[in-house]
1. Which numbered condition trips up residue 43, out of (1) crowded, with 20+ Cβ neighbours inside 10 Å; (2) modelled with pLDDT of 95 or more?
2. Just to be sure I understand, how many residues within region 413-425 are of a type in the set (A, V, I, L, M, F, W, C) and over 27 Å from the mean Cα position of the chain (by Cα)?
3. Identify, by number, the condition in (1) surrounded by fewer than 23 Cβ atoms within 10 Å (Cβ to Cβ); (2) assigned to a helix (DSSP H, G or I); (3) touching a Leu at 6+ places or on another chain (Cβ under 8 Å) that residue 376 doesn't meet.
4. Looking at (1) surrounded by fewer than 19 Cβ atoms within 10 Å (Cβ to Cβ); (2) of a type in the set (Lys, Arg); (3) in contact with a strand residue (DSSP E or B) (Cβ under 8 Å, 6 or more places away or on another chain), which one does residue 153 not meet, given that it meets all the others?
5. Could you identify the single residue in 90, 70 that is assigned by TED's automatic domain parsing to the domain that holds residue 25, closer than 20 Å to residue 18 by Cα, aromatic (Phe, Trp, Tyr) and in contact with a Lys or Arg (Cβ under 6 Å, 6 or more places away or on another chain)?
6. Restricting to strands (runs of 3 or more DSSP E) lying wholly in region 161-221: which have 1 or more residues that are among the aromatic types (Phe, Trp, Tyr) and more than 17 Å from residue 144 (Cα to Cα)?
7. Between 436, 432, 428, 446, which is in a helix (DSSP H, G or I), of a type in the set (Gly, Ala, Ser), assigned by TED's automatic domain parsing to the domain that holds residue 392 and in contact (Cβ under 8 Å) with a residue 12 or more places away in the chain?
8. Which residue pairs have Cβ atoms closer than 6 Å, lie 6 or more positions apart in sequence or on different chains, and pair a first residue in region 41-58 that is among the acidic types (Asp, Glu) with a second residue that is part of a strand (DSSP E or B)?
Amino acid sequence: MTGLSLDLYGDTLREECGVFGILGHPDAAALTALGLHALQHRGQEAAGIVTYDGEQFFSERHLGLVGDHYTDAATLNRLPGRMAMGHVRYSTTGETVLRNVQPLFAELEVGGIAIAHNGNLTNGLALRKRLIAQGAICQSTSDTEVVLHLIARSQRSGSADRFIDALGAIEGAYAMVAMTRTKLIGARDPNGIRPLVLGDLDGKPIFASETCALDIIGAKFVRDVENGEIVVAEIQKDGEITIESYKPFKPKRERMCLFEYVYFARPDSVVAGRSVYAARKNMGRNLAKEAPVEADVIVPVPDGGTPAALGYAQESGIPFEYGIIRNHYVGRTFIEPTQSIRALGVKLKHSANRHEIEGKRVVLVDDSIVRGTTSLKIVQMIRDAGAKEVHIRVASPMIYHSDYYGIDTPDPEKLLANQYATLEDMCAYIGADSLAFLSIDGLYTAVGGEKRDPKKPQFTDHYFTGDYPTPLTDLQDRGKNDPKQISMLREAV
């Protein structure tokens, strides 16, 4: 490929992936494709599906979107069987190449097994080095492959027991689905950082990252897979499906990632019993209480800021308008050889609705600010459209720390909150008339109804607070001889 690449999403947070699996249904592959389509927002770089027809496993893995590869009958006909699982991926570990696309599959002593994973292992590199030193041959750079090696080397009998044994060695965040010849297995890490739900379609069990994947196929929500729980659904010889639950690890408090509510989950999903849409509107309401401003119009930065902007408008009484129109038909990367066209990158994705902006005092509501580069371009775009004033309100706290659980975040020194000493300096950089962020307590009450308990935080919130819920083994290993890394670790852990 030639030309210059312009990443239109370079100043956003990106999730690693979404998982889906179904057991015992004659349309397993097609339903999995639909489920992955509903989870496309969690990863747009690649998608894969594995099925089993009672005799052998079949795999289709592709770079690109679900709709680019899994909508035609020819592809689905290559995926026969009554059990299937799939994965959509955004890479935070490993290159964007076909060998890293999940589900990963291996033939083991106990039979074939496919595995897919949402999250990130914070000791994945340490485990990989140990496994390679012991003779393991790795075919990918994905941390998910480490789990396959651990399963293969387990001395326990049976695929489910080996899977549980492997999970005991890993650290970090994971919502994982595995499939054997007779079983579909779902598992969440002991802290429950990443979401995973159990659903049902005509008596056939389903695992999915979010409830929206159940809704698209008409399945019913059964319950959340609990933190630290492994759920094993198995087809017996008589065709009956049994479901068993295991909790082999030391109990810990559930700490769902707050960014599932702020940004990642689809607004129509319910995560840990909480409506994502309602939580985001509550964030806007609390933001209006904490940071009021005299203005003529509330404008969301689409699409993430829309529910919060609605909440802000309803609480403040200031009219809500779509002052920015998003172009949904721009891909992740726009290829164009000239600098003059590349400089228009933000306008490829967003354009100002001049009629609703010109001559007005505008409040822009966004879900988060990472580097701030997109914010300053949007502020300038709104000013160019004739706004009298531009105020920025952010429906989450300032991001000070990097994430190591499956969110693609910059190094700490590249985050806006760490580049400027004061809020006023940040505001001047962005070019707004005022800038305010939602407080951590404002976010907590919007999602859970109670303020943050500093001794026992109810959620995973390290990107705001530096309170990491698990050891960061790989980061610690990298920082042993690096004073800069060591300093960062002391602040973070």
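1. (2)
2. So in region 413-425, the residues of a type in the set (A, V, I, L, M, F, W, C) come out as 415-417, 421, 423.
Of the ones still in play, those that are also over 27 Å from the mean Cα position of the chain (by Cα) are 421, 423.
The total comes to 2.
3. With respect to (1) surrounded by fewer than 23 Cβ atoms within 10 Å (Cβ to Cβ); (2) assigned to a helix (DSSP H, G or I); (3) touching a Leu at 6+ places or on another chain (Cβ under 8 Å), residue 376 is out only on (3).
4. For residue 153, the exception is condition (3).
5. Numbers: 70 fails: in contact with a Lys or Arg (Cβ under 6 Å, 6 or more places away or on another chain).
Criteria check complete, one pass: 90.
6. Output list reads 204-208.
7. Answer to the selection: 446.
8. If the second residue must be part of a strand (DSSP E or B), the pairs left are 45/89.
The values are calculated or read from the model by the stated rules, or taken from the named source; none is laboratory data. Please read all numbers here as calculations on a predicted model, not as lab measurements. Note that each Cβ is placed from the backbone with ideal geometry, even for glycine, and that neighbours are counted across all protein chains shown.
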